[in-house]
Amino acid sequence: MIRSLLRTRRSFSTLPEQVWRYSGKHAEGKAKEMVVMGGVHGNELLGVEVVRFLRAKLEANPQAAESMKGNLTLGIGNPPAVAIGKRATEASADLNRCFAAAKLIDDMPRYEEKRSRELAPLLSSADILLDIHATNKPGPCFVRIAGSLEEGHHRVLQHLREASHKLLDPDYILGGGVATTDEYVGQNG
């Protein structure tokens, strides 16, 4: 069921609400797919601002997108939660725990479960996901790596020098199994 869900949306003929795709014309072979996601939690506005900033820059300068060597998808993870300034649309909901296989095949009525089914095909095509979160307390900038640390992670990390701390989660403890956006991309992207 999940495989058919992913195959039907890999073409990106339609994009979910608040998701924008920019394709580079200079991609050789199979183009790399990068997804930048903000607002998975609606009260974490840093990622939302980054997505809006990047979108404004690319819309104002289409040549920048055309010069990319791959494809870039920008998205607001949970638009209704961002609109109300809350973590999720309901107190017990968490979009970043809805990417477990059981939740993706279950036709649950809550917005977060529906949204995860919309975003899953997009995330499964990602080679790189930058899912930007924020905290409500001061702390160091860090990068979370779900699953095993691989050579591809090192190549990306060299560009994220401000993230002085790496949170390694090889056993998917944070999500209680493969359930978060980054874990999902690691397994399916």
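The values are calculated or read from the model by the stated rules, or taken from the named source; none is laboratory data. A quick note: this is a predicted structure, and the numbers were derived from the prediction, not measured. Positions of Cβ are generated from backbone atoms using ideal geometry, with glycine treated the same way; all protein chains shown enter the neighbour counts. Note: areas computed on protein heavy atoms with side chains; ligands, DNA, RNA excluded. Shrake-Rupley method; radii C 1.70, N 1.55, O 1.52, S 1.80 Å.
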Identify the residue in region 147-165 that is assigned to a loop (DSSP other than H, G, I, E, B) and of a type in the set (A, V, I, L, M) and, among all such residues, is nearest to SER116 (Cα to Cα). LEU149
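Does LEU129 satisfy the condition of being touching a residue at least 40 places away in the same chain (Cβ under 8 Å), part of a helix (DSSP H, G or I), buried (at least 18 other Cβ atoms within 10 Å of the Cβ) and not β-branched (Val, Ile, Thr)?
no
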Examine region 166-184 for a residue that is without any contact (Cβ under 8 Å) to a residue 24 or more places away in the chain, in a helix (DSSP H, G or I) and surrounded by 14 or more Cβ atoms within 10 Å (Cβ to Cβ), and state whether such a residue exists. no
Filtering region 106-126 down to residues that are open to solvent by 70 Å² or more (accessible area, probe 1.4 Å) and modelled with pLDDT under 90, which residue is farthest from GLU183 (Cα to Cα)? PRO109
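Which helices (runs of 4 or more DSSP H) does region 1-105 wholly contain that include 2 or more residues that are at pLDDT below 90 and surrounded by 15 or more Cβ atoms within 10 Å (Cβ to Cβ)? Let's see the steps before the verdict.
Details: elements: 2-9, 45-60, 62-66, 79-84, 101-105.
Hits in region 1-105: 2-9, 101-105.
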Taking PRO140 as the residue in question, decide whether it is in contact with a His (Cβ under 7 Å, 6 or more places away or on another chain) and either among the basic types (Lys, Arg) or outside any helix (DSSP H, G or I) (or both). yes
